[in-house]
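Engineer: Got a structure here, written out as structure tokens. Questions coming.
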Amino acid sequence: MAKQLQARRLNGIDHNPWLEFIRLSKEYDVVNLGQGFPDFSPPDFAVQAFQQATSGNFMLNQYTMAFVIIIEPAFDCYEPMTLMAGGRPVFVSLRPSPAPKGQLEHSNDWQLDPTELASKFTPRTKALVLNTPNNPLGKVFSKMELELVADLCQKHDVLCISDEVYQWLVYDGHQHVSIASLPGMWGRTLTIGSAGKSFSATGWKVGWVMGPDNIMKHLRTVHQNSVFHCPTQGQAAVAQCFEQEQQHFGQPSSYFLQLPKAMQLNRDHMIRSLQSVGLKPLIPQGSYFLIADISDFKRKMPNLPGAEDEPYDRCFAKWMIKNKGLVAIPVSIFFSKPHQKDFDHYIRFCFVKDEATLQAMDERLQKWKRELQP
Amino acid sequence: MFLVQRRLCSLGSQEKLLKKIYSSNALGFSTSAKMALKFKNAKRIEGLDSNVWVEFTKLAADPSVVNLGQGLPDISPPSYVKEELSKAALADNLNQYTRGFGHPSLVKALSSLYEKIYQNRIDPNEEIIVTVGGYGALFNAIQGLVDPGDEVIIMVPFYDCYEPMVRMAGATPVFIPLRSKPTDGMTWSSSDWTFSPQELESKFSSKTKAIILNTPHNPIGKVYTREELQIIADLCIKYDTLCISDEVYEWLVYTGHKHIKIATFPGMWERTITIGSAGKTFSVTGWKLGWSIGPKHLVKHLQTVQQNTFYTCATPLQAALAQALWIDIKRMDDPECYFNSLPKELEVKRDRMVRLLNSVGLKPIIPDGGYFIIADVSSLDADLSDMKSDEPYDYKFVKWMTKNKKLSAIPISAFCDSKSKPQFEKLVRFCFIKKDSTLDAAEEIIKAWSSQKP
């Protein structure tokens with residue numbers, strides 16, 4: 001072909017970090033705590049709902065230059081999606097505050113600097129992407145923090161895209177707050193949810209957006225000119241799951257209470273286990289991820305194999321896959337390129353895993369611990 | 001279940017710059033803040049908000065209407081297809097994320113199937129991508145390969161999403177009509193419709209990035225001949241353009257016709273993306289699985305779009321589709337194979353529709369493929385004086401027919417660019433992938449209608 005084949009909108013966004021880690025996790029004998037998916041089944045009522053949806057007698061078988069502020073660390077797709085739309089991402093970092101000596105840090109200690117955040121808004125800022133509970137940190141934004149963001153969005157007339165896919169996964173009595181529920185925000189917020197995360201069924205690929213009709217209609221236009229429909233059975237099954245949940249809402253029998261309760265135990269188990277080899281986990285208040293500080297390893301093993309200029313956490317994660325049989329995801333992939341070097345000393349573990357997987361993790365960690373002893 | 005509540009805005013209307021946000025009573029929030037300029041839509045979707053399916057599906061949703069409009073089978077899919085999905089729903093790991101560019105067992109099955117047809121090896125990982133339906137495949141191809149300022153050639157009539165998708169990519173659609181040869185009262189067939197080679201060549205310019213081909217064709221049912229495809233191929237090579245070949249109806253060809261893949265012509269594999277659909281292959285439109293097949297250097301750009309949009313398609317559906325494909329791949333020469341039995345079943349329905357339409361003086365265009373049939377409705381002489389005057393005749397006709405005769409169809413001008421609409425406005429499209437009772441009901445309505453005429 002004589003001309004450039006691909007559309008210019010793809011420039012710079014063809015690389016995808018997940019592909020490498022997914023490939024590695026298949027090549028080696030590993031316990032996969034990397035990519036975020038449950039390795040246990042969805043609850044029975046969800047499986048049944050899908051079963052019914054697939055075998056019931058339904059006809060179910062019959063589918064500018066604008067700036068976008070992204071708070072990092074951020075789920076990695078926000079940046080390429082913004083670029084593909086011809087927008088310009090503007091990053092503002094959550095930054096950790098050190099914990100008192102001897103104590104573990106909490107993800108909620110990662111905070112935005114209000115002045116720095118305010119400085120990122122310009123007359124050409126179109127939107128801000130918020131993710132709470134946050135992937136990868138597990139931070140649950142407090143009402144006060146959300147009010148800070150809300151005030152700025154209103155002051156600068158900015159749209160808020162709020163990714164709340166982990167909304168049910170909150171621990172230690174923390175509350176998930178939807179920024180759309182704050183005064184002045186419903187009219188300028190799009191709130192995103194996910195069946196995959198709500199019902200431990202990531203493979204169903206059903207998600208949703210809620211917002212005011214005058215903004216939603218533009219999403220509908222895109223929808224009708226891209227996929228047009230989502231799979232029918234998946235939607236029918238999710239509807240049934242929600243009907244079930246509505247009957248149990250707020251009660252101990254609710255999946256939205258049982259799942260975080262069970263995951264909190266997983267979280268605590270993982271936090272204890274990881275420390276035995278010198279990893280320093282941060283306690284997440286939400287989501288099903290936690291990050292662990294690998295600074296000690298960076299001091300002791302500074303020269304791990306890797307490409308020139310490859311952030312340390314990626315080298316470490318690959319080393320850990322090959323040598324310790326554990327998969328975690330380097331947190332630098334959740335940062336914009338210029339900031340990756342500042343945040344190259346954390347890796348992300350996923351704990352929405354079966355008991356058997358956590359036990360297998362323990363075995364690998366115990367072996368690792370033995371190898372550490374002189 | 002197809003109650004899609006969307007509002008119709010007329011094509012090309014300007015958005016109001018300041019809007020009042022209405023309160024969401026259900027959630028108890030209220031705000032009367034004025035909406036600012038920023039919340040206007042992105043330019044890429046300007047004028048693309050109206051949609052024929054949204055409009056006509058709503059109309060036909062009344063259960064008393066016999067719906068021959070949207071291309072939606074009301075026949076049952078094959079039982080083994082449904083069974084495979086039930087089985088997949090119970091398998092734990094099939095409820096979680098799978099490979100983004102296609103579930104491994106599915107791309108393997110697709111590669112096996114199409115290797116037989118292309119008579120060449122097809123790499124399941126690099127030369128196939130599984131998409132959210134045929135729509136998703138078109139979206140990935142256009143977003144991945146077409147730039148603002150490019151031109152894309154589209155033959156009229158066309159499946160309606162081609163134009164807005166091309167515009168959404170910032171490119172300009174360049175239209176060329178299919179025209180019917182004169183038929184002097186004899187049978188009218190989709191093979192009577194063709195394009196002028198000279199006129200087609202005149203549409204190619206230095207800005208032409210791609211041509212979109214659709215065979216078998218929706219709505220006409222035309223199955224492009226080897227000669228026609230060769231003309232298109234020669235032009236693609238001469239002008240160094242891509243070909244996006246929408247072949248979702250590839251199995252639905254009737255006696256005397258053969259589906260031919262333009263990607264198999266010399267010089268074409270390296271410049272063609274070929275699109276297929278599970279929905280059309282197995283009568284399961286609600287599964288929303290499609291695929292694109294092509295050379296690695298093109299498919300990789302569709303993969304880039306995918307990884308920055310939907311990322312993966314639904315796992316249980318892909319796993320079930322793979323199993324269903326294997327069942328039929330193993331018996332491709334068998335009349336029981338769904339790829340053979342469905343066209344046989346549909347040919348009977350097609351012939352029934354042809355007889356019915358002829359018997360009441362409607363002129364059908366007999367399709368050589370696909371599951372739609374077009375009829376010229378001028379002779380029905382319907383009184384459309386009550387309908388809005390600014391719409392094309394066939395839009396008014398279908399709305400009138402749905403309301404008064406309880407029979408729905410789709411107006412052909414929905415498949416035309418604004419300039420061509422007048423040439424096609426006496427034509428409406430009926431879908432015949434319907435069970436016999438639906439066709440019986442349609443027959444009753446049409447016969448009663450024609451007997452009411454003076």
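We did not get these values from a lab; they are worked out from the coordinates using the rules stated. Since this is a predicted model, take the numbers as computed values, not measurements. Don't worry about glycine lacking a Cβ; one is built from the backbone with ideal geometry, like all the others, and counts go over all protein chains shown.
Engineer: Relative to the compact-globule scaling 2.2 N^0.38 Å, provide the ratio for the alpha-carbon radius of gyration of the range A:206-299.
Structural biologist: On the way: Rg = 20.2 Å, N = 94, 2.2 N^0.38 = 12.4 Å.
Normalised Cα radius of gyration, the range A:206-299: 1.63.
Engineer: For the range B:269-366, just list the percent of Cα-Cα distances falling in each 5 Å bin from zero outward, please.
Structural biologist: Histogramming the range B:269-366 at 5 Å steps yields 2, 10, 14, 16, 16, 14, 11, 9, 6, 3, 1 percent.
Engineer: Per residue, how big is the convex hull of the range B:81-133 when only Cα atoms are used? Give it in Å³. It would help to have the intermediate numbers written out before the result.
Structural biologist: On the way: hull volume 5.1 nm³, N = 53.
Hull volume normalised by residue count: 96 Å³.
Engineer: I would also like to ask the following. Determine, from the Cβ-Cβ distance of residue A:370 and residue A:95 and an R0 of 30 Å, the FRET efficiency 1/(1 + (r/R0)^6), rounded to the nearest 0.05.
Structural biologist: Numbers: r = 36 Å, r/R0 = 1.21.
For residue A:370 and residue A:95, the calculated efficiency is 0.25.
Engineer: Moving to a separate point now. Which part of the range A:319-360 falls in the paramagnetic zone of residue A:295, meaning amide N under 18 Å from the point 7 Å along Cα-to-beta-carbon?
Structural biologist: Taking a point 7 Å out along Cα→Cβ of residue A:295, the residues of the range A:319-360 whose backbone N falls under 18 Å are A:331-332, A:340-348.
Engineer: Also, I was wondering about something else. What is the antiparallel percent of DSSP beta bridges lying wholly in chain B, to the nearest 5? Don't jump to the answer; show the numbers that get you there.
Structural biologist: On the way: 24 of 46 bridges.
Taking every DSSP beta bridge within chain B, about 50 percent pair in antiparallel fashion.
Engineer: For residue B:426, which aspartates and glutamates qualify as cross-link partners when the Cα separation must be under 16 Å and same-chain residues fewer than eight apart are set aside?
Structural biologist: Filter leaves B:376, B:381, B:383, B:390, B:391, B:394, B:417.
Engineer: Amide H of residue B:242 versus every other amide H placed in the peptide plane: which residues, excluding those fewer than 5 positions away on the same chain, fall under 5 Å?
Structural biologist: B:210, B:211
Engineer: Within 10 Å, count the other beta carbons around each residue, average over each peptide in A:329-335, A:92-98, and list them highest first.
Structural biologist: The densest-packed peptide leads the list: A:329-335, A:92-98.
Engineer: Could I ask something else about it? Quick one: of the DSSP bridges fully inside chain A, what percent are antiparallel, nearest 5? Walk me through the numbers before you get to the answer.
Structural biologist: Details: 15 of 37 bridges.
Close to 40 percent.
Engineer: Right, something else. Answer with one residue from A:258, A:325, A:339: the one whose Cα lies farthest towards the positive end of the charge dipole of chain A, charges on Cβ with Lys, Arg +1 and Asp, Glu -1.
Structural biologist: Of the candidates, A:339 comes out farthest on the positive side.
Engineer: Evaluate the Kirkwood expression for the hydrodynamic radius of the range B:191-296, namely the inverse of the mean inverse distance over all pairs of different C-alpha atoms, and round to one decimal in Å.
Structural biologist: Numbers: mean 1/r = 0.0690 Å⁻¹.
It works out to 14.5 Å.
Engineer: Compare the Cα positions of B:448, A:184, B:221 along the charge dipole of the protein assembly as shown (+1 at Cβ of Lys, Arg; -1 at Cβ of Asp, Glu; about the Cα centre) and return the one farthest towards the positive end.
Structural biologist: Farthest towards the positive pole: A:184.
Engineer: If you don't mind, another one. Between the range A:220-290 and the range B:367-409, what is the C-alpha centre distance in whole Å?
Structural biologist: Each part's Cα centre sits 49 Å from the other's.
Engineer: Still on this structure, please answer the following. Please list, ordered by chain and number, the residues whose modelled amide H lies under 5 Å from the amide H of residue A:90; skip anything fewer than 5 residues away on the same chain.
Structural biologist: Those qualifying (amide H under 5 Å, at least 5 residues apart or on another chain) are A:68, A:69, A:70.
Engineer: Using a Förster distance of 30 Å, how high is the FRET efficiency between residue A:40 and residue A:109, based on the Cβ-Cβ distance and rounded to 0.05? Provide the component values of the computation, followed by the final result.
Structural biologist: Values: r = 30 Å, r/R0 = 1.01.
The value I calculate is 0.50.
Engineer: Taking each residue in B:44-57, count the Cβ atoms of any other chain within 10 Å of its Cβ, then average. What number comes out?
Structural biologist: 3
Engineer: So, one more: Using the C-alpha gyration tensor of the range A:131-270, what are the square roots of 5 times its eigenvalues, in whole angstrom, with the largest one first?
Structural biologist: On the way: eigenvalues 130, 104, 33 Å².
The three semi-axes for the range A:131-270 are 25, 23, 13 Å.
Engineer: Right, another one. Need the C-alpha centroid separation for the range B:141-177 versus the range A:92-164, integer Å.
Structural biologist: Cα centroid of the range B:141-177 versus Cα centroid of the range A:92-164: 40 Å apart.
Engineer: Additional query: Could you list the trypsin sites (Lys or Arg not before Pro) in the range B:222-271 that lie in coil according to DSSP, counting only those with at most 14 other Cβ atoms within 10 Å of their Cβ?
Structural biologist: On the way: sites: B:222, B:226, B:238, B:258, B:261, B:271; in loops: B:222, B:258, B:261.
Passing sites in the range B:222-271 are B:258.
Engineer: Another question, if that's okay. Taking all pairs of different Cα atoms in the range B:111-234, averaging 1/r and flipping that mean, what Kirkwood radius in angstroms comes out?
Structural biologist: Working: mean 1/r = 0.0614 Å⁻¹.
About 16.3 Å for the range B:111-234.
Engineer: Tell me the mean residue ellipticity at 222 nm calculated for chain B from its helices only (DSSP H runs of n ≥ 4, each -39500 (n - 2.57), averaged over every residue, nearest 500).
Structural biologist: Values: 14 runs with 162 residues, N = 454.
That comes out to -11000 deg cm²/dmol.
Engineer: With every atom except the alpha carbons ignored, what do you get for Rg and Dmax of chain A, in angstroms?
Structural biologist: In order Rg, Dmax, the Cα atoms of chain A give 21.4, 66 Å.
Engineer: Over the protein assembly as shown, what is the percentage of antiparallel beta bridges among all DSSP beta bridges, to the nearest 5?
Structural biologist: On the way: 39 of 83 bridges.
If we restrict to bridges inside the protein assembly as shown, about 45 percent are antiparallel.
Engineer: Between residue B:131 and residues 5 or more places away or on another chain, which pairs have amide H atoms under 5 Å apart, with H built 1.01 Å from N, and which residues are they?
Structural biologist: Under 5 Å from the amide H of residue B:131 lie the amide H atoms of B:290, B:291, B:292, each far enough along the sequence or on another chain.
Engineer: Charges only on Cβ, +1 for Lys and Arg, -1 for Asp and Glu: so what's the dipole of the range A:185-272 about the Cα centre, in debye to the nearest 20? Please list the in-between numbers first.
Structural biologist: Values: 8 positive and 4 negative charges, 57 e Å.
Taking the Cα centre of the range A:185-272 as origin, the dipole is about 280 debye.
Engineer: So between residue B:390 and residue B:336, what do we pick up on full extension, going 0.36 nm a residue minus the alpha carbon distance? Intermediate results must be reported in sequence, preceding the final value.
Structural biologist: Numbers: separation 54, 0.36 × 54 = 19.44 nm, distance 4.95 nm.
Full extension of this stretch gives 14.5 nm more.
Engineer: Taking θ as phi - 60°, what are the ³J(HN,Hα) couplings along the range B:100-111 by the Karplus curve (6.51, -1.76, 1.60), each to the nearest whole Hz, with x for Gly and Pro?
Structural biologist: Calculated HN-Hα couplings, in order: x, 8, x, 4, x, 5, 6, 5, 5, 5, 4, 5 Hz.
Engineer: Can you give the local net charge around residue A:24? Use residues other than it whose beta-carbon is closer than 10 angstrom to its beta-carbon, Lys and Arg +1, Asp and Glu -1. Write down the numbers at each step before the final one.
Structural biologist: On the way: positive: A:23, A:26, A:318, A:322; negative: A:20, A:27.
Neighbourhood net charge equals +2.
Engineer: Note down the relative contact order for the range A:81-145 as a percent, whole number, built from C-alpha pairs under 8 angstrom at least six residues apart.
Structural biologist: The normalised contact order for the range A:81-145 reaches 26 percent.
Engineer: Calculate the mean, over all residues of peptide A:298-307, of how many other protein chain Cβ atoms lie within 10 angstrom of the residue's Cβ. Each step should come with its number before you reach the end.
Structural biologist: Values: counts 0, 0, 0, 0, 0, 0, 0, 0, 0, 0.
Mean inter-chain Cβ contacts per residue within 10 Å come to 0.
Engineer: Kirkwood hydrodynamic radius (Cα pairs, Å) of the range A:276-316?
Structural biologist: Working: mean 1/r = 0.0856 Å⁻¹.
Result for the range A:276-316 stands at 11.7 Å.
Engineer: Could you compute how fast the range A:69-173 diffuses translationally, taking Rh as the Kirkwood radius over C-alpha pairs and applying Stokes-Einstein at 37 °C with viscosity 0.692 mPa s? Give it in µm² per second. Can you show the working numbers first?
Structural biologist: Numbers: Rh = 14.6 Å.
Value of D from the Cα-based Kirkwood radius: 225 µm²/s.
Engineer: Further question on the same structure: Quick one: if you stick a label point 7 Å off each Cα along the C-beta vector at residue A:26 and residue A:362, how many nm between them?
Structural biologist: In this crude label model, residue A:26 to residue A:362 measures out at 3.1 nm.
Engineer: A further question follows. So what does the Cα-only Debye profile of the protein assembly as shown read at q = 0.05, 0.07, 0.08 Å⁻¹, as log10 I(q)/I(0), no solvent term?
Structural biologist: Calculated log10 I(q)/I(0) at the listed q: -0.29, -0.57, -0.74.
Engineer: Then there is this: What ranking, highest mean first, results for peptides A:279-291, A:216-228, A:197-209 when packing means the other Cβ atoms within 10 Å averaged over each residue? List each step's numbers first, then the result.
Structural biologist: Numbers: A:279-291: 25.5, A:216-228: 19.5, A:197-209: 23.1.
Descending packing order for the listed peptides: A:279-291, A:197-209, A:216-228.
Engineer: I would also like to ask the following. If you add up the charges near residue B:126, with Lys and Arg at +1 and Asp and Glu at -1, over every other residue whose beta carbon is less than 12 angstrom from its beta carbon, what do you get?
Structural biologist: Values: positive: B:121, B:296, B:300; negative: B:123, B:127.
Net local charge, residue B:126 excluded: +1.
Engineer: Over the range A:283-352, what lengths in whole Å, largest first, do the semi-axes of the equivalent ellipsoid take, defined as the square roots of 5 times the eigenvalues of the alpha-carbon gyration tensor? Mind showing how you got there, number by number?
Structural biologist: On the way: eigenvalues 74, 46, 22 Å².
In descending order the semi-axes read 19, 15, 11 Å.
Engineer: Extending each Cα 7 Å along its Cβ direction at residue B:86 and residue B:379, get the distance between those two points in nm, one decimal.
Structural biologist: Going from the residue B:86 label point to the residue B:379 one covers 4.7 nm.
Engineer: On to the next question. Scaled to the compact-protein estimate 2.2 N^0.38 Å, what is the alpha-carbon radius of gyration of chain B, rounded to two decimal places? Spell out each step's value before the answer.
Structural biologist: Values: Rg = 22.4 Å, N = 454, 2.2 N^0.38 = 22.5 Å.
In units of the globular-protein estimate, chain B measures up at 1.00.
Engineer: With labels modelled as points extended 7 Å from the Cα through the Cβ direction, what inter-label distance (nm, one decimal) is found for residue A:303 paired with residue A:341?
Structural biologist: Using points 7 Å along Cα→Cβ, the separation is 2.0 nm.
Engineer: Sequence gap at least 6, Cα distance under 8 Å: using those rules, report the relative contact order of chain B to the nearest whole percent.
Structural biologist: Numbers: 833 pairs, mean separation 92.1, N = 454.
Computed over chain B, the figure is 20 percent.
Engineer: In whole Hz and in residue order, list the ³J(HN,Hα) couplings for the range A:325-333 that follow from phi through the Karplus curve 6.51 cos²θ - 1.76 cosθ + 1.60, θ = phi - 60°; x for Gly and Pro.
Structural biologist: Couplings: x, 10, 9, 9, 10, x, 6, 4, 5 Hz.
Engineer: Then there is this: Can you work out D for the range A:229-354 in µm² s⁻¹ from Stokes-Einstein, where Rh is the Kirkwood radius over C-alpha pairs, the temperature is 4 °C and the viscosity is 1.567 mPa s?
Structural biologist: Working: Rh = 17.0 Å.
It comes out at roughly 76 µm²/s.
Engineer: Just counting partner chain Cβ atoms within 10 Å, what average do the residues of peptide B:85-94 show around their Cβ?
Structural biologist: Working: counts 8, 6, 2, 4, 15, 6, 3, 7, 4, 5.
Mean shielding count: 6.
Engineer: So what are the radius of gyration and Dmax for the Cα set of the range B:337-454, in Å?
Structural biologist: Taking only Cα atoms of the range B:337-454, I get Rg and Dmax of 14.7, 50 Å.
Engineer: Compute the FRET efficiency between residue A:219 and residue A:275 as 1/(1 + (r/R0)^6), taking r as their Cβ-Cβ distance and R0 = 60 Å, and round to the nearest 0.05. Kindly include the intermediate steps, with their values, before the conclusion.
Structural biologist: Values: r = 44 Å, r/R0 = 0.74.
The computed FRET efficiency comes out at 0.85.
Engineer: Which ³J(HN,Hα) values in Hz, rounded to whole numbers, follow from the phi angles of the range B:334-344 under the Karplus curve 6.51 cos²θ - 1.76 cosθ + 1.60, where θ = phi - 60° and Gly and Pro get x?
Structural biologist: Whole-Hz 3J(HN,Hα) from phi for the range B:334-344: 7, x, 6, 4, 4, 5, 9, 6, 5, x, 5.
Engineer: A follow-up question, please. If the only charges are +1 at each Lys and Arg Cβ and -1 at each Asp and Glu Cβ, what is the size of the charge dipole of chain A around the Cα centre, to the nearest 20 debye?
Structural biologist: On the way: 38 positive and 37 negative charges, 141 e Å.
Using only the charged Cβ atoms, the result is roughly 680 debye.
Engineer: Residues of the range A:166-181 with the amide nitrogen closer than 18 Å to a label point 7 Å from the Cα of residue A:147, along Cα-to-Cβ, please.
Structural biologist: A:175-181
Engineer: Sorted by mean Cβ packing within 10 Å, highest first, what order do the peptides B:331-341, B:207-217, A:131-141, A:30-40 take? Walk me through the numbers on the way to the answer.
Structural biologist: On the way: B:331-341: 13.5, B:207-217: 24.0, A:131-141: 27.3, A:30-40: 21.2.
The densest-packed peptide leads the list: A:131-141, B:207-217, A:30-40, B:331-341.
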